[in-house]
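Written below as structure tokens is the structure these notes are about.
The values are calculated or read from the model by the stated rules, or taken from the named source; none is laboratory data. Fair warning: this is a prediction, and the values are worked out from it, not measured in the lab. Here the Cβ positions follow ideal geometry from the backbone for every residue, glycine too, while neighbour counts run over all protein chains shown. We work out accessible area using only protein heavy atoms, side chains counted, and drop any ligands, DNA or RNA first. Shrake-Rupley method; radii C 1.70, N 1.55, O 1.52, S 1.80 Å.
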Amino acid sequence: NTAIESLKAMKDAGANAVKLQTYTPDTITIDCDNEYFQIKHGTIWDGKSLYDLYKEAYTPWEWHPILKKVADEIGLIFFSTPFDRTAVDFLETINVPAYKVASLEITDIPLIEYIASKGKPVLISTGVATLSDIAEAIEACKRAGNEQVIILKCTTEYPTPLEDVNIRTIPNMMETFNKIVGLSDHTLEISVPVAAVALGACMVEKHFILSKDLGGPDSAFSLDPQEFASMVKSIREVEKALGKARVIRVM
């Protein structure tokens, strides 16, 4: 019920789409709590094992078709990030219109090729990628006959300090890869997404929560409905203000 209410609140706040993540703890890691499977990289999840985090954070697969139906009814594009082939196959059964590749999967070339082979737009997040990683991921989509690729500028820190965002990379990525570029953002406020649009970002991904009082793994860097609506309003204003480049000649 909370998930359904969240979809409706997203739509009311001005979102065009909702993206889930599709995995289970057992499809993404193993149930092990030795040091190699402990989170200890300065995140808000430090001290947890990967298995425990994914067990808390995953969306039950049986919810997906229900949420997809609700999203379709209210005019919200519904898609997801799969983490293995079984997730892709499952998402195909509910006919999602697009896929996202998570930052940490950008070097999983077989998975990217499999996703791209479905012939749908592929959003590739680049939070831990080198230039060659991004190029190889795009080439993997091309080999699968799919050039419908959007690159997402991302910084894999949760939350992301402002000094680590570097959104001036967006125009450079557009020029380097000849692809449209968006932003996957984990900062705490809305300034970065708004500025990214001014720099050419074609889309913005931002975590959403009905109320931060609900808690949960991502609550610290999620926007509530009022914050999200404020972000959308600011982005739409920036889009209008950007307009078209014009030269005014004074005679």
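Descriptive notes on the structure:
- Antiparallel content of DSSP bridges confined to region 1-140, in %, to 5: 10
- Normalised by the number of residues in the chain, the mean separation of alpha-carbon contacts (under 8 Å, six or more apart) gives a relative contact order of 16 percent.
- Computed extension length for K142-T176: 10.6 nm, one decimal, from 0.36 nm per residue of separation with the Cα-Cα distance subtracted.
- Each peptide in 56-67, 128-139, 110-121 gets a packing score, the mean of other Cβ atoms within 10 Å over its residues, and the list from highest to lowest is 110-121, 128-139, 56-67.
- Spin-label pair K55-D31: with each label point 7 Å from Cα along the Cα-Cβ axis, the two points sit 0.7 nm from one another.
- Relative contact order of region 71-217, pairs being alpha-carbon contacts under 8 Å that are 6 or more residues apart, as %: 16
- Note on the chain: semi-axes of the ellipsoid equivalent to its C-alpha gyration tensor, largest first and rounded to whole Å, are 29, 22, 20.
- Taking 24 Å as the limit for the C-alpha separation, the pairs K19/K69; K153/K206; K120/K240 exceed it in the case of K120/K240.
- Charge context of S211, other residues only, Cβ under 12 angstrom, K/R +1, D/E -1: -3
- Across all Cα atoms of region 135-251, the radius of gyration (one decimal) and Dmax (whole number) stand at 16.8, 62 Å.
- Inter-label distance, nm, simple model (7 Å from Cα along the C-beta direction), V250/S230: 3.8
- Probe 1.4 Å, protein heavy atoms only - accessible area per residue of the chain in square angstrom: 53
- A simple rule links phi to the HN-Hα coupling: the Karplus curve 6.51 cos²θ - 1.76 cosθ + 1.60 with θ = phi - 60°, which for region 23-36 gives 6, 10, x, 7, 8, 10, 7, 10, 7, 9, 10, 6, 4, 6 Hz, with x for Gly and Pro.
- When a 1.4 Å probe is rolled over the protein heavy atoms, the share of accessible surface on region 1-74 that falls to carbon and sulfur comes to 50 percent.
- When both bridge partners sit in the chain, DSSP labels roughly 5% of those beta bridges antiparallel.
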